């Protein structure tokens, strides 16, 4: 008959139990494989990187030592362009880099598809004018698409559908002299926040039509 073993000290038995728990935990990890969650689902895979929407940017050419007249004009132009560009970028993803100049020899203001806008008369240094001239830099009245889709009435489907949404099923967009109406913002008394928003959306739709 074998002699009876003396009981293990409590500290050794506690360590032994902890060791068994560690071994059990390691075994469970090996069975499930690395990186497999047990209690919670795996996080969804990261979405693919999205291409940032295009935007309109602008710079103002300034004299190195401006006169008071120039500085006043710069302030008015900056306010007008900031408001107009913010509205375009908020309501569309059109892209254009625009250079703006103060030119007192310009009777009103003008915009070119090459990305230049000139302001002359101070009464035209407004958001309405800036929106209108930005449209010219994008192609309204200045692009080959304008020539092929204009000619009295805009023939592009998307802009036409949009103006019908705004003004009713019989509405059309008239074109002439490099401008369009309604919502072309051709005169200061046409401006309102609603008209300005619709102007941007119609220009964006014209671009989609092939402006």
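Restricting 118, 128, 122 to those that are surrounded by fewer than 16 Cβ atoms within 10 Å (Cβ to Cβ), within 29 Å of residue 103 (Cα to Cα) and at pLDDT 95 or above reduces the list to 122. Listed conditions (1) under 27 Å from residue 75 (Cα atoms); (2) touching a helix residue (DSSP H, G or I) at 6+ places or on another chain (Cβ under 9 Å); (3) assigned to a helix (DSSP H, G or I) are all met by residue 118, apart from (3).
Name the residue, out of 175, 108, that is within 14 Å of residue 206 (Cα to Cα) and at pLDDT 95 or above.
175
Scanning region 90-115 for residues that are crowded, with 22+ Cβ neighbours inside 10 Å and within 14 Å of residue 188 (Cβ to Cβ) yields a single hit, 109.
Screening residue 140 on (1) part of a loop (DSSP other than H, G, I, E, B); (2) surrounded by fewer than 21 Cβ atoms within 10 Å (Cβ to Cβ); (3) touching a strand residue (DSSP E or B) at 6+ places or on another chain (Cβ under 9 Å) shows it passes everything except condition (2).
For residue 88, are the conditions met, namely being farther than 20 Å from residue 71 by Cα and in contact with a strand residue (DSSP E or B) (Cβ under 7 Å, 6 or more places away or on another chain)?
Taking the combined requirement at face value, the residue satisfies it.
Any chance region 188-201 includes a residue that's in a helix (DSSP H, G or I), in contact with a strand residue (DSSP E or B) (Cβ under 9 Å, 6 or more places away or on another chain), over 15 Å from residue 94 (Cβ atoms) and in contact (Cβ under 8 Å) with a residue 12 or more places away in the chain? Yes, region 188-201 contains a residue that is in a helix (DSSP H, G or I), in contact with a strand residue (DSSP E or B) (Cβ under 9 Å, 6 or more places away or on another chain), over 15 Å from residue 94 (Cβ atoms) and in contact (Cβ under 8 Å) with a residue 12 or more places away in the chain. Take region 155-171 and flag every residue that is in contact with a strand residue (DSSP E or B) (Cβ under 9 Å, 6 or more places away or on another chain) and over 13 Å from residue 206 (Cα atoms). Scanning region 155-171 gives no hits.
The values are calculated or read from the model by the stated rules, or taken from the named source; none is laboratory data. Since this is a predicted model, take the numbers as computed values, not measurements. All Cβ positions, glycine included, derive from the backbone under ideal geometry; neighbour counts span all protein chains shown.
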